[in-house]
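These notes concern the structure reproduced below.
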Amino acid sequence: MSAEIIQSASKSHKVIVFALNSVLANEYLLFNKTLNYHWNITGPNFQGQHTFLGEHYKQILVIMDDVAERVRVLDERPNITIKSMFSRSEGKDNQEKSPSSENMFRNLLRDHTDIQSQLKEIIAETKTFMHDPGSSDLLTSVLLKHEKMSWMIRSHIT
Ligand SMILES: [Fe+2]
């Protein structure tokens, strides 16, 4: 392997690890927000919505675990401190004090949509430039999960 290829692979490796840690940070924030809403939602549909949000935070936790372990597969460290996650999260933790259930679902849909955009950008890069089909496949499966969760969240918005 030429020095140029090795150098390029090493650069790609750093970029994908940075991207995975950025996804992890955004997943963490969405996990936190979904869990808070699971606890705090009120209204006539409480039981169904509380259970629904409980299912979603558990799905997001599985996603976080998969993404973090992919970073380990790549022989790097997932960025797991709260401080570092919030600093990578582009200031998205702007939670209202007591949103209505309707606004909770709108906020969640916005965050799921933002993560999908981020994932699509990274997937395009990994396919075109980084020759990392493993990370690309993992992130595609994460994208599919967010698309499905978004459909379900949209169905709660009138
Ligand atoms: Fe619970």
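The values are calculated or read from the model by the stated rules, or taken from the named source; none is laboratory data. All of these numbers come straight from a predicted model, not from anything done at the bench. Backbone-built Cβ (ideal geometry, glycine too); neighbour counts: all protein chains shown.
The table that follows gives values for the structure above.
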| quantity | calculated |
| --- | --- |
| Residue match in segment 46-67 (condition: surrounded by fewer than 19 Cβ atoms within 10 Å (Cβ to Cβ) and either over 23 Å from S150 (Cβ atoms) or at pLDDT below 95 (or both)) | no |
| Which numbered condition I16 fails, given (1) buried (at least 19 other Cβ atoms within 10 Å of the Cβ); (2) modelled with pLDDT under 95; (3) under 17 Å from F105 (Cα atoms) | (3) |
| Out of N40, N26, N79, sole residue that is of a type in the set (S, T, N, Q) and within 16 Å of the ligand (Cβ to nearest atom) | N40 |
| Breaking point among (1) surrounded by 14 or more Cβ atoms within 10 Å (Cβ to Cβ); (2) at pLDDT 95 or above; (3) among the basic types (K, R), for K92 | (2) |
| Residue among T128, T158, T140 that alone is surrounded by 13 or more Cβ atoms within 10 Å (Cβ to Cβ) and free of Cβ contacts under 8 Å to residues at least 60 places away in the same chain | T140 |
| Subset of segment 57-78 (residues that are assigned to a helix (DSSP H, G or I) and over 12 Å from the mean Cα position of the chain (by Cα)) | K58, E69, R70, V71, R72, V73 |
